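Data block below; observations after.
The values are calculated or read from the model by the stated rules, or taken from the named source; none is laboratory data. It should be emphasised that the depicted structure is a prediction, and the values quoted were computed from it without experimental measurement. Glycine also receives a Cβ, built like all others from the backbone with ideal geometry; neighbour counts cover every protein chain displayed.
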Amino acid sequence: MRNFQILTMIGVCSIAACAQGTADADGIRRALASGSTPVKGATKTIAVVDSFFANMPAIKVTVPAGWSFDGAILRSSCGSGEPVLVYRAYSADGLTGIQSLPQADWYAAADERVFQQAKTNPCNLHAPARAADVAPKIATDLRGGAQVEATPPPSAKEAAELRRDRDQAQAFWQRANQQFPPNFRTMQDLDEQRVRIRYGFEGHPVEEMLTVRVNRLDLPVSVYSAGRTGMIQPGVARMVHMIVHISSVRAPAGKLDATLGALEQIVNVQVIPEWQETVSASLRQEHEKVMALIQKNSAAMRAQATQFAAQMQSQNDQFHAWQAEQGARNRAQFAEHMRQKDANAQNFLDYVKDQTYYVNPATGVTMTLPNLPGVNGYAGMTPSGNWVELVPISH
């Protein structure tokens, strides 16, 4: 009966269906009684297949020859969907082993609009954190009843790998960000923390070294909102995506340091180039789809902006035409007002001087004549030489 759980799995996905991680109980008891050495020089290499690509060989893992091995290529239902190697290898007694767990994806954003956009589903919300902040709790949550003995820095090999990966990430984003404006650039940082714990396993004291790596991506996300006019107003918000990788090595109490040194020389993980090319091609296709969608949305926004600008220009032209019309009308009214004012002043002056303002109806010539006693009117000449009565008028 296969009933011995070697290592508990945590993370976004479970590999129980593809890697039970059990061993024969009688065989384990025999191994414990014999006191067999858990790590030996002989090795074996296993090819882990990727069921997503029709069981294509994906990654080769080299482990001690006498160990059991379970492994799979998983894709997280929460996160980028990129393939991740998950495996565990362990000695016959189950006390010594190495494990790489499924990744966990955490998200954080100050602007909740980022979670409304494609491929940013907030399946696991978690405040931004560094590996040193979360590693101890991950270790004790993973291994119930465990006690933290120490939180040492990464080993020399792990530190070198971390520097290499960090430099590669920075070089990649330095190139990739050149095509984007400053407010739409991605930033990436990686850090690691080891945690040494002690706990009891099947009645035996064991020690385990867990390495927690946090890959933190600070991503720009296009967001949209409707303005007062109903026009879509674009903006940029930030989302933090933290990818948490956990690996561990376990050994009987007092043997962990020696086991770590031995496994560092034995265990090797090698990606098969053909599979890597297939994955890269698939990721490029997905990237092209995303970029096509971004370009489509950008074109729609530019067209909308052009239409909005044309509407604003038309409204601006109409406003300036109305201003010009109002200005001309106001100037005409002012001129008429001043003319009427002058006319009233002249009429008053005629009254004071006892004179009258006349017009010759035949010629249109105007003149001011005094009001004389006994004179009831005046006459003027027409162009033909006839007399015509002058008509009194107001100024």
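Gly364 fulfils the conditions (1) on the phi < 0 side of the Ramachandran plot; (2) without any contact (Cβ under 8 Å) to a residue 12 or more places away in the chain; (3) not in a helix (DSSP H, G or I) except for a single criterion, (1). Given the criteria closer than 30 Å to Gln233 by Cα and in contact (Cβ under 8 Å) with a residue 40 or more places away in the chain, does Phe319 qualify? Here the answer is no, as Phe319 does not meet what is asked. Only one entry in Gln315, Gln311 is outside the structural domain of Ala226 (by TED's automatic domain parsing), at pLDDT 90 or above, within 60 Å of the chain's Cα centre (by Cα) and not aromatic (Phe, Trp, Tyr), namely Gln315. Restricting Pro392, Pro383 to residues that are loosely packed, with under 10 Cβ neighbours inside 10 Å, out of contact with any helix residue (DSSP H, G or I) (no Cβ under 7 Å at 6 or more places or on another chain) and not basic (Lys, Arg) narrows the list to Pro383. A single member of Thr45, Thr96, Thr62 is within 18 Å of Leu210 (Cβ to Cβ), modelled with pLDDT of 95 or more and hydroxyl-bearing (Ser, Thr, Tyr), and it is Thr96.
Can you confirm whether Asp93 is outside any strand (DSSP E or B) and either β-branched (Val, Ile, Thr) or closer than 30 Å to Val206 by Cβ (or both)? Yes: the conditions hold for Asp93.
When the range 135-193 is filtered for residues that are of a type in the set (Asp, Glu) and outside any helix (DSSP H, G or I), the ones remaining, listed by number, are Glu149, Asp189, Asp191, Glu192.
For the range 322-334, indicate whether the set of residues that are in a helix (DSSP H, G or I) and within 30 Å of Gln233 (Cβ to Cβ) is non-empty. The answer is yes; a qualifying residue exists.
Just so you know, in the range 147-183 the residues that are among the small types (Gly, Ala, Ser) and more than 20 Å from Leu263 (Cβ to Cβ) include one that is modelled with the lowest pLDDT, and it is Ala176. Scanning the range 345-361 for residues that are of a type in the set (Phe, Trp, Tyr) and either exposed (fewer than 15 other Cβ atoms within 10 Å of the Cβ) or part of a loop (DSSP other than H, G, I, E, B) (or both) turns up Phe348, Tyr351.
If you go through the range 70-87 one residue at a time, do you hit one that is more than 23 Å from Val212 (Cβ to Cβ) and modelled with pLDDT under 95? No, the conditions are met nowhere in the range 70-87. Within the range 249-292, the set of residues being assigned to a strand (DSSP E or B), loosely packed, with under 14 Cβ neighbours inside 10 Å and of a type outside the set (A, V, I, L, M) comprises Asn268, Gln270. Between Pro102, Pro64, the distinction of being more than 24 Å from Arg284 (Cα to Cα) and in contact (Cβ under 8 Å) with a residue 40 or more places away in the chain belongs to Pro64 only.
Checking each residue in the range 196-209 for being under 18 Å from Ala156 (Cβ atoms) and either touching a Leu at 6+ places or on another chain (Cβ under 7 Å) or surrounded by 22 or more Cβ atoms within 10 Å (Cβ to Cβ) (or both) picks out only Met209. Residues satisfying the criterion are present in the range 100-115 (criterion: of a type in the set (A, V, I, L, M, F, W, C), assigned by TED's automatic domain parsing to the domain that holds Val223, over 30 Å from Tyr224 (Cα atoms) and surrounded by 14 or more Cβ atoms within 10 Å (Cβ to Cβ)).
Tallying residues that are free of Cβ contacts under 8 Å to residues at least 24 places away in the same chain and either β-branched (Val, Ile, Thr) or not in a helix (DSSP H, G or I) (or both) within the range 293-316 yields 1.
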